[in-house]
Amino acid sequence: MAGWTEDELSRIGGTELMHLASRRPDGTLRPYVTMWDVRVGNDVYVRSAYGPDNGWYVRAKASGTGRIRSGGVERDVVFEDAAPDEAAAITAAYHEKYDQFGPAIVGTVTGPDAEAVTLRLVPADG
C-alpha cells in the first residue's frame, strides 16, 4: 500500500472536517459522513464518537475499505484498527485540534471508550 504524501498529510491535518464513506459489498460507496480526524506522525486516524454501534463505524469495520475527502484530498483507504500503543498520541492530537469546541464535545472522541473504536486510515494503492 502507498503511504500518504507530506502534502496530503498537511492538507488533511489542516482541515477541521473529513468526509468518509465505506464501501458496500458490491463495491459502491455508501453516502459520506462528516467527522473529525487527526494526524499523528505519518498516519491519519478517526474515532467513533458514539461507540462501536455507530452506523458508519459498523459499516467501515464490515467493509474494511472506503474513500475519504478532506482538505482537497480524495483517496481510497483501508480501515485498520489503531495500535493500542498509539492511543495516547491520538488522544493528544484530538485535544490539540478540537479542544476549542469544549470538553463535552471533545470528550466524545477521547478517553478509553473512544480509544477502543479508533481506526487508522491507510491509503489504498491506485
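The values are calculated or read from the model by the stated rules, or taken from the named source; none is laboratory data. Only a predicted model underlies this, so the values are computations on that prediction, with no experimental measurement involved. Don't worry about glycine lacking a Cβ; one is built from the backbone with ideal geometry, like all the others, and counts go over all protein chains shown.
A compact table of results
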{"read-out": "Residue in region 86-118 that is surrounded by the most Cβ atoms within 10 Å (Cβ to Cβ), counting only those that are assigned to a helix (DSSP H, G or I) and of a type in the set (V, I, T)", "value": "V109"}
{"read-out": "Selection status of S48, surrounded by fewer than 20 Cβ atoms within 10 Å (Cβ to Cβ) and of a type in the set (S, T, Y)", "value": "no"}
{"read-out": "Pair list, Cβ under 6 Å, 6 or more apart: region 59-74 residue on the phi > 0 side of the Ramachandran plot, other residue part of a strand (DSSP E or B) and of a type in the set (F, W, Y)", "value": "G64/F79"}
{"read-out": "Residue among R47, R39 that is closer than 12 Å to R120 by Cβ, of a type in the set (D, E, K, R) and either modelled with pLDDT under 95 or touching a Leu at 6+ places or on another chain (Cβ under 6 Å) (or both)", "value": "R39"}
{"read-out": "Candidates D26, D125, D53, D76, filtered to the one that is assigned to a loop (DSSP other than H, G, I, E, B), charged (D, E, K, R) and within 22 Å of E6 (Cβ to Cβ)", "value": "D125"}
{"read-out": "Candidates A83, A62 - the one that is among the aliphatic types (A, V, I, L, M), under 15 Å from the mean Cα position of the chain (by Cα) and surrounded by fewer than 19 Cβ atoms within 10 Å (Cβ to Cβ)", "value": "A83"}
{"read-out": "R69 being under 12 Å from the mean Cα position of the chain (by Cα), closer than 22 Å to G3 by Cβ and surrounded by fewer than 18 Cβ atoms within 10 Å (Cβ to Cβ)", "value": "yes"}
